[in-house]
Structures are given as C-alpha cells and as structure tokens.
1. Is it the case that VAL564 is within 44 Å of the chain's Cα centre (by Cα), in the same structural domain as LEU666 (by TED's automatic domain parsing), over 19 Å from LEU506 (Cβ atoms) and β-branched (Val, Ile, Thr)?
2. Between THR419, THR339, which is hydroxyl-bearing (Ser, Thr, Tyr), out of contact with any Leu (no Cβ under 9 Å at 6 or more places or on another chain) and closer than 28 Å to VAL654 by Cβ?
3. If we keep just the residues of region 190-200 that are under 30 Å from CYS29 (Cα atoms) and surrounded by 15 or more Cβ atoms within 10 Å (Cβ to Cβ), which is modelled with the lowest pLDDT?
4. Can you tell me which residue is modelled with the lowest pLDDT among those in region 312-350 that are assigned to a loop (DSSP other than H, G, I, E, B) and surrounded by 19 or more Cβ atoms within 10 Å (Cβ to Cβ)?
5. What residue, of SER245, SER262, SER280, is crowded, with 17+ Cβ neighbours inside 10 Å, over 28 Å from the mean Cα position of the chain (by Cα), in a loop (DSSP other than H, G, I, E, B) and modelled with pLDDT under 80?
6. Residues that are touching a strand residue (DSSP E or B) at 6+ places or on another chain (Cβ under 8 Å), at least 1 per element: which helices (runs of 4 or more DSSP H) completely within region 426-534 meet that?
7. Here are the criteria: (1) surrounded by 15 or more Cβ atoms within 10 Å (Cβ to Cβ); (2) in the same structural domain as LYS187 (by TED's automatic domain parsing); (3) modelled with pLDDT of 70 or more. Tell me which single one ALA255 does not satisfy.
8. Determine the pairs where a residue that is on the phi < 0 side of the Ramachandran plot and without any contact (Cβ under 8 Å) to a residue 12 or more places away in the chain, located within region 662-678, has a partner that is surrounded by fewer than 14 Cβ atoms within 10 Å (Cβ to Cβ) and not small (Gly, Ala, Ser) with Cβ atoms under 9 Å apart, the partner being 6 or more residues away or on another chain.
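The values are calculated or read from the model by the stated rules, or taken from the named source; none is laboratory data. Just so it is clear, the model here is predicted, and its values are computed rather than measured. Glycine also receives a Cβ, built like all others from the backbone with ideal geometry; neighbour counts cover every protein chain displayed.
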Amino acid sequence: MSCDPPATKWACEYCTFENWPSSLKCTMCRGSKPLLGEDIYRLCDESPPLSLIAGSGGPNLASGPSQEDTSRSGSNGKWKCRACTYLNWPRASQCTECQTPKPATVTGTNLHEHLQPLRIGQLSDTETLTTASGGPLHITTSPSADKNNLKDAENDLRGRIVEKAVIARQQTIKWMCTVCTYENWPKATKCIMCSTLCANINAAASTAKNNAASFFRGQAVSSGSILPSPEREMSLLNSARGGGSQVALIDDSSAVKSWPNSRRLERNQASSDMPTPANSPNNCEYERRLKQIRQRMREADWNWLNACLGVVDGDPNPVEAYLSSGGDPARQLTPNEVTLLNRPSAFDSGHTLVHLAIRFHREDMLATLLSQIEGSGSGVKRVPSYVAPDLAADIRRHMASTLRQRKGSFPCHFVTELTTFALPAEVEDLPPPVQEQLFEELLDKDAQQQLESEPPVLNWSLEVTVRLGSRLYALWNRSAGDCLLDSAMQATWGVFDRDNTLRRALAESLHQGGHVFYPRWKEYEASQAQLLEFSLEEGQWEEDWAGLLSLASQPGSSLEQLHVFALAHILRRPIIVYGVKYVKSFRGEAIGYARFEGVYLPLLWEQSFCVRSPLALGYTRGHFSALVPMEPYSRLEGSSSGGANNLGPDELQVTFLPLMDRDRKLLPVHFLMQAELGREESILRQWLDVCVTEGGVLVAQQRLHKRPLLVAQMVEEWLNHYRRLAQMTNAPFTRPVPVQDYSSDGGDTDDE
C-alpha cells in the first residue's frame, strides 16, 4: 500500500488565495490559474495541465475526448467557440457570433500531428506579430502551417490570460482629476465632483497601453522565450508605463471590454487609429455632436444671451441694447441656452433678467427692468449714476466719509460737506430730439404730471419759472421704500442711497437722540390730533414712537414725517416738500389726506450751525422724488443775472423756491411748538433767505455751488452719451434718434 503525496495547492496571483489543483479559476476572485511550473510536453497524461484551458475555450490536448468534448457532443454535436463560448453547428468553419475560426480537434490518433518541438530564439517565416492598436495579444500563423497549431493555441491562450490580467488591473486603478484632484473610478467619463472630462487622461492612457503592449510583445520575441509569464508581463507593463504611475490603461474605443465582447473589439479596431475625442465612441458621433452645437449657436439669440451675461457681469450696455431692440424683460432661459452660456453656477433654466438682477444685487439694472415690465411703466432710464457706476460708488463713499456725530446732549449725525445737485446748462445745447430723449430717460414724467396737474403744486407761477428761471424737474427715483433717502441723495449728490448710509444715520440719530426728538414730536402730533378732536394715552404715544424707530432701522420700509424732520437735521438744512394734498385711488377718488407738504426746519440745531439754502422734494402717491433746477445758461456766457451779484467765487446762481401755494397761502411749517404757532413767516425768515417777487410770491433762495469733482466727472460722462447721439443727427446721412415714450416707475405704497 503506497501513500500518494498530498496535492499541492496553487496560490492566486491576484488575491493570494490557495486553491485546489483541479480548480481552473480562483474560488475567491475568479482569476485564472497561472501557467507557472507547467510542462507542456506532458500532454499524454490522463490529467492534462488545466491552466492551458482555464476559462479560455482553448483546444483540449488530452488523448481522447475530455468531459468538455463530451458535453459539446451532447449538445447535438455543436462545438463551443473558444472566444465567446457560443455553441456552433459542427459544419460551421468559424463562429457565427465573432467569426473566430473553428479550432482543430485533437484526439489520441492525431496528437502527433499537433506536437512540434519548440525552438527557442527564432520564429517561423509564416508567423507575424499582431500590433493593431487595442487588439488582443496573440500570434497569428498561416493556415497552411498545421504543424504549428499547438504553438499558436498556446500563445493565443497566454495572450488572453495576460490581457485579462491587464483588464483586471485597469478596473482597480482610479484616475485623478486634473482640476480638483478627486480620484474617480475608471468607468467614469467625467469627474464626479467638478464634471471635468478625462479626455487628456484617456488619450494618454490609450497611448500608454498601446506602447506597453508593443513593448512587452517585442520583449517576448527578442528574449527568445515563447511568451513571458503573467508576472513578467505585468512587470514589463509597469516598466513601460514608467514605474507604475497613476495612469489608467483605458482605451477610448475598445479597451475596457471583457473577452466575450471581442466581436465589438474586432469591429472597432478598424477605426481605432482615427483621431477621435476621448469621450466619444467614434468620430461620427463627435462630428454629429459638434454639428448640433454649431447649429444651436447659429440659432441662438445672442442679443438676449449677452443681456444675461451683462446682468451677471454688471455691464448695463448689453441690457440696454436688448431692451431698446424690443426684447422682453420677462423672457426665461431655456436648457439649451443655459448649456450655451456654460456657467451653471450663474444661470438656471427659467431665470429671467429680473431673477439675475436680484440674485447678483444689480439694483440699478433691476429698476430699469422693472420699469419695462407691463404694469410698472415703460422705458429705459439712464440717470447719471447708471451711466457711470464706478464714479457713483466713489461719490457714495465720499459722502459717507463726511458724516459725523455731534457730541454732547444731542448726539445727532450731520454732514460736513454741503452740495446741491442741478441739471447742467449744456443740456440746452443739444438738438431738440436729443433733449426730448434725455428728459424721457432722466425724469419721472408721471410724478411731474401729478405735481403740475390741477390744482398744481409745482411750477404754478410763471413769474418764478419763466422770468426767474427757476423751473423744477422731478428726477426718476427707484420704486423702493428708500425713496425718501434716495431723493435726498439725488438732490445733494446726484446718486441713490444704495449703501443705506443715510438710513443708518437716520436710525442712529433717532435712537440716540430720541430724548430730544420725542417731546417736540409728541407735542406736534398732539396738536394735530386735537384739531381732529381725538387724543391718545401715554402708552399709545410710546407705542407709536417705537414703531417709527423700527421703520427707520429697516431698509426698504416706508418713512413718515418724523423721518423727514430728522433728515433735515442730518443734512443741516431746510427741506421743502411739494406734495399732493390728497392721496387718490386708482379711480381718482380721494382716499386720504397727505400731510407731507410743507417746510421742515432743523429746529433742534443752532441757526449758526446750519445753512440757509434748502432742498426741494416732491411727494406723490406714496413716492418721493428729487426736485432739481437747471443751471442758468448765463454761466456758460460768463455773466450773472439779477439777484446773484453778491455770490461767492464758488457759487453759480440762485434758484427761487416758492413758500406759498397757488392760493397764496403759506406752506405749513412742521413740528412747531405751541408757543411758535402763529408766527411761521418770521420763523421762515430766520432759517431761510426769504424774498418777495414783484408778483407778491414769498420765495426762498437756493444757492447753487460749483459741483464737486466726482459729481462733475459723472455728469460729464453722462452728457457724452447724448452728445454722441447729437453727432448722429448732424452726420451727412442723418439717422433719426429713437425717441420712446418712457414713463417713470410708479410709487410703492400708500402708507409712505
């Protein structure tokens, strides 16, 4: 009785699991059994080396039919393709699916015909090395060389085993994104984090794989060996790749495919040498996509797309060009347009210009867009601060630097630099069509019409407007709850209070100086309530006061009379409000009494601390507008008119603001104490430079000073736009200047 030696297990070269010798594949990772230590001359044994037929469908070299042959003959005599395992009919000379030639049948009677002594270091003349890009690693022979079939099958089998090892290696190597350095799986065509395509990596990988395949196949021939072992082939691959770099061996068209898909592999080899994009299956698909993109670009409305880009980039010129050409401000972006813009962080499907202006805080463009939407007026507004936004920002910063807070018992904010904005006299030099367009784009025609309609509260005296040249113009203002502060900034510096500088100063002055404002406010409101025959308790007064303080500190909230009174102290000058007496509904019916009209004096300051030149504001239905004059044309001629003989070197001219209404009644003076009532005219003369015209109209003098440098630059840049339009009308081939009937943006609410 003899004891057989224990069977030696073989270790998997991928997961190192020890398998039984009879196992063709690894039990854990299904990897093929290696060819190490196998003797191919031992072909007459009862148990042939299983590594030669490990999952490849190669020829059975055993003497007599094996179990696999028996299974084939059991299936109606069909033979299994060694490439795709498809069962073919016996008479088929090649596989029906992948066109692989039918393998020669090796039996015990013709085994000697397939055995050939192996020569080391040379190749037959009929053998050629396949070097097609991305092709399988095997050596093809001439069909007439039947005696070399066994060698061909062995080489073909080894090549496939090596290729499976390479593919298994490929499926475990991740590729690193060149933008965000995120490591992605090999099958990912773009980065999961930043969506960057892996075109360059795939192209480099394809080149590396082709070079590596040619390299180790050449090494196999030159070294004199039949075919290197899998370990040697992997080492050759690593050396060809330059030391195992993190380049995934992925061919763009045919590399990442399992062996059963070899039919598609062979079919795509014909086009593998064509320069195709890394993320495209073939050149035809790439050209088709490129044609689609070009077609979309030709059909795209670039006027509309440039307007969208202009809103995001803060450039108003494309937006104005789009609106001037009749573009719809409520138009929405489509998915194709979002793709063309190629900025997913800025644009989304369904967004309009208004959405983009709100998202990127383009308040100047937002006002223009809202004025175009149906129901809120029409027309493009081109105020100086919109034409020169950088200069306007510098002016706002400079104005903020002039704010100070008074020390002592009355901690109120005040400005240290005083200025008054007026329209430049150069406007009269422009042609009438250009002047008309300028006024359409600058003024609030709706507010101007309401203030001048019957009964007029503005420009009602021809003596003041014509003879004294003191006509007032209502500037267009943003339709927000900050319109009072915006109009005050426009009347002084010609810009909007976009940074909420005045609102912060107003809120802090009322909170910190409330003990000074509150008594005068309460007494004035009590006297007004007494005229209406009602009274309030102390708790109600405190509740109303707290509500006024809350409104002052909330940007966008509508303001009341107290805020105008406090604003006169911050600006250190009187404020004259020309407003409608009644608030009307959309039907024209009077629904309430508007109490804003009148004069607001900085009564809590010393008279020597304030200036006597007032500001003029207009109030319509819930909306404030800045009322500014036009500089007298005499400034351009270097002369001065009557009433301006005592002007300083910095002053230009004097504008006369009526202190009476059209019925020759004195405008109300707000927030007077009980002891001050009845002598309003004398109080006005104490705080203002008051004079009487020949027609008996009591007027206040508003002195126009030389513009600050930043304001002068902003106005000059704004005028240059209309000067260019005037040059178009004077050209040899005159082109008519487009004049549109733009109306200002209406009011906000009835409670401001």
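1. Criteria not met by VAL564.
2. Numbers: THR339 fails: closer than 28 Å to VAL654 by Cβ.
Exactly one of THR419, THR339 is hydroxyl-bearing (Ser, Thr, Tyr), out of contact with any Leu (no Cβ under 9 Å at 6 or more places or on another chain) and closer than 28 Å to VAL654 by Cβ, namely THR419.
3. Looking at the filtered set, the residue picked out is CYS198.
4. If we filter region 312-350 for residues that are assigned to a loop (DSSP other than H, G, I, E, B), which is where we start, we get 314-315, 325-334, 342-350.
If we keep only those that are surrounded by 19 or more Cβ atoms within 10 Å (Cβ to Cβ) too, we end up with 329, 333, 347.
Working: PRO329: 78, LEU333: 88, PHE347: 87.
Checked region 312-350; the qualifying residue modelled with the lowest pLDDT is PRO329.
5. The match here is SER280.
6. Because the criterion is at least 1 residues that are touching a strand residue (DSSP E or B) at 6+ places or on another chain (Cβ under 8 Å), the helices (runs of 4 or more DSSP H) in region 426-534 that meet it are 432-442, 445-452, 483-493, 501-512.
7. Going through the list (1) surrounded by 15 or more Cβ atoms within 10 Å (Cβ to Cβ); (2) in the same structural domain as LYS187 (by TED's automatic domain parsing); (3) modelled with pLDDT of 70 or more, ALA255 breaks only (3).
8. These pairs meet every condition: ASP663/PRO455.
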